[in-house]
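Report on one structure; see the data block that follows.
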Amino acid sequence: MRTARLGIILSIFALACFLFACAEMAPTVKPAAKAEKTIRIGSPFKTGHILVDAGEKFKELVEKGSGGRIAVEMQIGMKSEEEVNDLNNKGTIEMQSNGNRPLEIYAPQYFFLGAPYVLKDWDHLKRLWQGNLGKKAREQLEKNGNVIYLGIVYRGLRQTTSKKPIYTPADAYGLKLRLPKVPTWIAVWGEIGAEPVPLTLPELYPGLKEGKADASEGDLTQITSFKLNEVQTHLIMTNHMVQIGGMLINKPFFDKLSKADQDLIIKAGKEACDWASTKMIASEKGVLLELQRKGMQVVIPDADSFREKAKPAVEQLFKTTWPVTTWAEVLAQ
């Protein structure tokens, strides 16, 4: 009996020695670096929107590039575009991946870069943004606000959703159309004949569901990520606006960073925006098909008749609101 017990004890001792030896030979795993600072990125959009994708890509690039010293936290879908921009401008959050609100507020004379029925296509917008007019727009924005553009993201062409087919401006007459609270957009759609209903993004889905508005307009990833197919039956391909968004950082926060961290953030911002734009271009047709599979009926309207109907409002806005240039000069770029 004693011999059996002794054998068991020796076996346990041998096993313990073996496990100890294995632990000694195992490679040491270094703990992840503790973040020295956190960058919070606010976005009014939800998972599935291209501007949220851009923020996630930025997070990946910065956390990897800093070796974990900088953490990036996404805060999405809880605030309106206006609220997100205000928080970023005040420095309450360090960054935003947002629509055109910063350009509208801090460089209003250049907001033709984000208005319906003004520009031709994405390439046209890029030429303007990279040229003299875009440079002046960014200078005015930085002068009037506390934010800096790291880059812009192509969000696709803006389309219209409705509970009925729309082929001509006559079909849109008196239509209760949800719009963001943007006076220039309201002016253009009012000229076309719609009845604008200004609602923020958090109010978009419930506003359509409850009948406050009968129609909306927006880029395709806005339509999908807010599940508008559940409250709208028709997708009208008005192609009325080349939609961009931007990734911006609070200037006082950025100025306090080391030169190395500033370079990292600038590089990551540009890469994330370029990556998201490329993704949007490649996936735009797929998003359209997804909406069709979910039951939305696609309507091809007489787009030229809408553009012609909007023309007086656009011409007037260049005279009163965007006097830094002319529509002819913009179209010539």
- Message: Please report the accessible area of ASP261 (heavy atoms, 1.4 Å probe, ligands and nucleic acids excluded) in Å², nearest 10.
- Response: 10 Å²
- Note on the structure: The aspartates and glutamates whose Cα lies under 20 Å from the Cα of LYS309, excluding any fewer than 8 residues away in the same chain, are ASP121, ASP171, GLU191, GLU195, GLU217
- Task: Round to the nearest 0.05 the FRET efficiency obtained for GLU83 and THR47 when R0 = 30 Å and r is the Cβ-Cβ distance.
- Result: 0.95
- Give me the angle, in degrees from 0 to 90, between the Cα long axis of helix 2-25 and the longest principal axis of the Cα atoms of the chain, rounded to the nearest 10. 40 degrees
- Task: Pick out which of ARG178, ARG40, ARG127 has the largest mean-square fluctuation in a Gaussian network model of the chain, springs linking Cα atoms closer than 10 Å.
- Result: ARG127
- Compare GLN109, GLN159, GLN130 in a GNM of the chain, Cα atoms joined below 10 Å, and give the one with the largest fluctuation. GLN130
- Go through GLU104, GLU60 and list them by solvent-accessible area, largest first, probe radius 1.4 Å. GLU60, GLU104
- Note on the structure: The correct ranking of GLU210, GLU284 by accessible area at 1.4 Å, largest first, is GLU210, GLU284
- Task: Work out the length of the dipole vector of the chain about its Cα centre, built from +1 on the beta-carbon of each Lys and Arg and -1 on the beta-carbon of each Asp and Glu, and round it to the nearest 20 debye.
- Result: 860 debye
- Toward the positive end of the charge dipole of the chain, about the Cα centre and with charges on Cβ (Lys, Arg +1; Asp, Glu -1), which of SER216, ASN132, ASN146 goes farthest? ASN146
- Message: Need the full-extension length gain, ILE266 to TYR167, defined as separation in residues times 0.36 nm minus the C-alpha distance. One decimal, nm.
- Response: 31.2 nm
- Query: Angle, helix 81-90 long axis vs. longest principal axis of the chain, Cα atoms, 0 to 90°, nearest 10?
  - Reply: 60 degrees
- Query: In nm, what is the difference between 0.36 nm times the number of residues separating LYS294 and LYS34 and their Cα-Cα distance?
  - Reply: 89.2 nm
- Note on the structure: In the structure shown, of LYS176/LYS227; LYS227/LYS270; LYS37/LYS90, the pairs separated by more than 24 angstrom at the C-alpha atoms are LYS227/LYS270
- Note on the structure: Over 30 Å (Cα to Cα) among LYS79/LYS251; LYS120/LYS256; LYS64/LYS136; LYS135/LYS163; LYS126/LYS259 -> LYS120/LYS256; LYS64/LYS136; LYS135/LYS163
- Item | Solvent-accessible ranking of LYS267, LYS46, largest area first, probe 1.4 Å | LYS267, LYS46
- Restricted to the chain, the DSSP antiparallel beta bridge percent, nearest 5, is 55 percent
- Query: Which of PRO196, PRO206, PRO116 moves the most in a Gaussian network model of the chain with Cα springs under 10 Å?
  - Reply: PRO206
- Return the loop-located trypsin sites (Lys or Arg not before Pro) in the stretch 67-120 (DSSP other than H, G, I, E, B) with at most 16 other Cβ atoms within 10 Å of their own Cβ; answer none if there are none. ARG69, LYS120
- Query: Angle between the Cα long axis of helix 303-320 and the longest principal axis of the chain, 0 to 90 degrees, nearest 10?
  - Reply: 90 degrees
- Item | Given charges at beta-carbon only (K, R positive; D, E negative), |dipole| of the stretch 274-314 in Debye | 120 debye
- Spin-label pair GLU329/MET237, simplified geometry with 7 Å Cα→Cβ offset, distance in nm: 3.5 nm
- Compute the FRET efficiency between ASP304 and SER283 as 1/(1 + (r/R0)^6), taking r as their Cβ-Cβ distance and R0 = 30 Å, and round to the nearest 0.05. 0.65
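The values are calculated or read from the model by the stated rules, or taken from the named source; none is laboratory data. Since this is a predicted model, take the numbers as computed values, not measurements. Every residue, glycine as well, gets a Cβ built from its backbone with ideal geometry; the counts of neighbours run over all protein chains shown. These accessible areas exclude ligands, DNA and RNA; they are computed on the full protein's heavy atoms, side chains included. Shrake-Rupley method; radii C 1.70, N 1.55, O 1.52, S 1.80 Å.
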